[in-house]
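Read-outs: derived from the displayed coordinates by stated rules, not from any lab. Values in this document were obtained by computation on a predicted structure and should not be read as measured data. All Cβ positions, glycine included, derive from the backbone under ideal geometry; neighbour counts span all protein chains shown.
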Amino acid sequence: AQTVTQSQPEMSVQEAETVTLSCTYDTSESDYYLFWYKQPPSRQMILVIRQEAYKQQNATENRFSVNFQKAAKSFSLKISDSQLGDAAMYFCAYRSASGSNYQLIWGAGTKLIIKP
Amino acid sequence: DAGITQSPRHKVTETGTPVTLRCHQTENHRYMYWYRQDPGHGLRLIHYSYGVKDTDKGEVSDGYSVSRSKTEDFLLTLESATSSQTSVYFCATRYGVMEKLFFGSGTQLSVL
């Protein structure tokens, strides 16, 4: 069975600086998707970024980028120029490319604190 | 974002009582999901639906049932609530081949 591990329960960063959140996963599959979701205090889950395993190029979305290391089964999220609005819980998630039920396997989350 | 409304937003109930949570969407998305979120566990899938009257179990389905009689509504029922079902419940939808999940704002359920 697949698992997703976020080893940092909490991280803090100074506003305008860069922070990296870690995520590792375990799978025997070769084709899958990885996601980072943000959950602000409003509680609503928001997709931050997505990576297809068959793509070697790391995904980027404005200030958010990932470091996808397939062999190491690592999928870290880098947030550049941190802003107060980035404060939230961040969840890493895995989804197999096979099957039709779209079941996501979620990590336990990392709480990101932004210091003004 | 998709119009997903969960009701109620908060509920307190007693052990042994039935509880129904509602998810309503206005986007005509085919797929709908119920998750629960507990500290240290991230989100765990309870049940999902891939169409009207088509549902299936997720990884933590014991003690829960669902129904989907209309595209826009997906109900989650706790037949006899237990304290272990105290959690935040999220509904999510997905449209066809698009990979993105859209989430509601969650229901905080406390079972005393």
Inset, instruction - Check every one of the strands (runs of 3 or more DSSP E) wholly within the range B:17-69 and list those with 2 or more residues that are within 12 Å of chain A (Cβ to nearest Cβ). - result: B:31-38, B:42-51, B:54-57
Legend entry - Flag for B:V12 being away from chain A (no Cβ under 11 Å), assigned to a loop (DSSP other than H, G, I, E, B) and in contact (Cβ under 8 Å) with a residue 24 or more places away in the chain: no
Legend entry - Residue in the range B:21-44 that is nearest to A:E10 (Cα to Cα), counting only those that are surrounded by 14 or more Cβ atoms within 10 Å (Cβ to Cβ) and hydroxyl-bearing (S, T, Y): B:Y35
Inset, instruction - Report yes if some residue within the range A:104-116 is touching a helix residue (DSSP H, G or I) at 6+ places or on another chain (Cβ under 7 Å) and loosely packed, with under 15 Cβ neighbours inside 10 Å; otherwise report no. - result: yes
Inset, instruction - Give the range A:87-103 a look and list any residue that's surrounded by 13 or more Cβ atoms within 10 Å (Cβ to Cβ) and either without any contact (Cβ under 8 Å) to a residue 24 or more places away in the chain or under 11 Å from the mean Cα position of the chain (by Cα) (or both), or say none. - result: A:M89, A:Y90, A:F91, A:C92, A:A93, A:Y94, A:N101, A:Y102, A:Q103
Legend entry - Matching residues in the range A:13-43 - criterion: being within 22 Å of A:P116 (Cβ to Cβ) and either out of contact with any Lys or Arg (no Cβ under 6 Å at 6 or more places or on another chain) or among the aromatic types (F, W, Y) (or both): A:V13, A:E15, A:A16, A:E17, A:T18, A:V19, A:L21, A:K38, A:Q39, A:P40, A:P41, A:S42
Inset, instruction - Go through the range B:96-110 and give me each residue that's crowded, with 20+ Cβ neighbours inside 10 Å and either in contact with a helix residue (DSSP H, G or I) (Cβ under 8 Å, 6 or more places away or on another chain) or within 24 Å of B:T17 (Cα to Cα) (or both). - result: B:G106, B:T107, B:L109
Inset, instruction - State yes or no: is A:L84 surrounded by 15 or more Cβ atoms within 10 Å (Cβ to Cβ) and of a type in the set (A, V, I, L, M)? - result: no
Inset, instruction - Give the residue that is surrounded by the most Cβ atoms within 10 Å (Cβ to Cβ), with candidates limited to residues of the range B:47-95 that are over 10 Å from the mean Cα position of the chain (by Cα) and among the aliphatic types (A, V, I, L, M). - result: B:A81
Inset, instruction - Residues being in contact (Cβ under 8 Å) with a residue 24 or more places away in the chain and crowded, with 16+ Cβ neighbours inside 10 Å: count how many of those fall in the range A:12-59. - result: 21
Legend entry - strands (runs of 3 or more DSSP E) wholly inside the range A:35-116 that include at least 3 residues being within 14 Å of chain B (Cβ to nearest Cβ) and more than 30 Å from B:G51 (Cβ to Cβ): A:88-96
